[in-house]
């Protein structure tokens, strides 16, 4: 059985390497593009503007607890590009098509090519929240995951207390499958519940 599993994993890995995956695509209002060298300053500005909002959910966004530097944001963009090319994750920056304003980041990550399945994560720039832009981006990225990558399951794991994120999942077509109780721990020691949303193909 172990040999069969190794063989299946090897075939899945070869399949992922053969995939022809575009580095960008468009929705009605947005351009979704893989991060690349030189994007650090743009991402840095959006993160710094949004830190207060991002820090409301430190258990799921621990990286937001410390303000980044431009250099750290640049390093993220370069690393994200490398992970995209390696097919281990599919990170994107979302921009408005008309003004080319950075809306936020989103990604398909924790990819398991043997199914295949993955998780989707996202955050939106504070000044552009409430306009449905990230909902549009998440729905489009899920479609990308199914149609281009061949995913059969994509899940999102927002904190149960993050009502806006939960509603975004529902608007983007994800179905609530259940709640993982005491799934995360906050910096103050409080245990938090996580909702499991998923879309399948």
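Worth pointing out:
- As a ratio to 2.2 N^0.38 Å, the alpha-carbon radius of gyration for the chain is 1.03.
- Length available on full extension from residue 146 to residue 99: 0.36 nm per residue minus the Cα-Cα distance, which gives 14.0 nm.
- Each label was represented as a point 7 Å from its Cα along the Cα-to-Cβ direction; for residue 70 and residue 24 these points are 2.2 nm apart.
- Global size of region 88-156: 12.5, 40 Å for Rg and Dmax (C-alpha atoms, Rg to one decimal, Dmax whole).
- Under the simplified labelling scheme, the residue 167-residue 51 pair shows an inter-label distance of 2.8 nm, with each label point 7 Å from Cα along Cα→Cβ.
- Pairwise centroid distance, computed over Cα atoms, of region 71-109 with region 113-148, Å: 12
- Cα-Cα pairs of region 117-190 separated by more than 16 Å (percent): 54
- Note on residue 176 and residue 188: their simple-model spin labels are 2.4 nm apart, each label 7 Å out from Cα toward Cβ.
- Taking every alpha-carbon pair within region 24-83, the share separated by more than 16 Å comes to 52 percent.
- Using just its DSSP H runs of length 4 or more, each adding -39500 (n - 2.57), the chain gives a mean residue ellipticity at 222 nm of -12000 deg cm²/dmol after division by all residues.
Quick note: the coordinates plus some simple rules give every number you see, no bench work behind them. None of these values were measured; they are calculated from a predicted model. Here the Cβ is made from the backbone with ideal geometry for all residues, glycine too, and neighbour counts use every protein chain on show.
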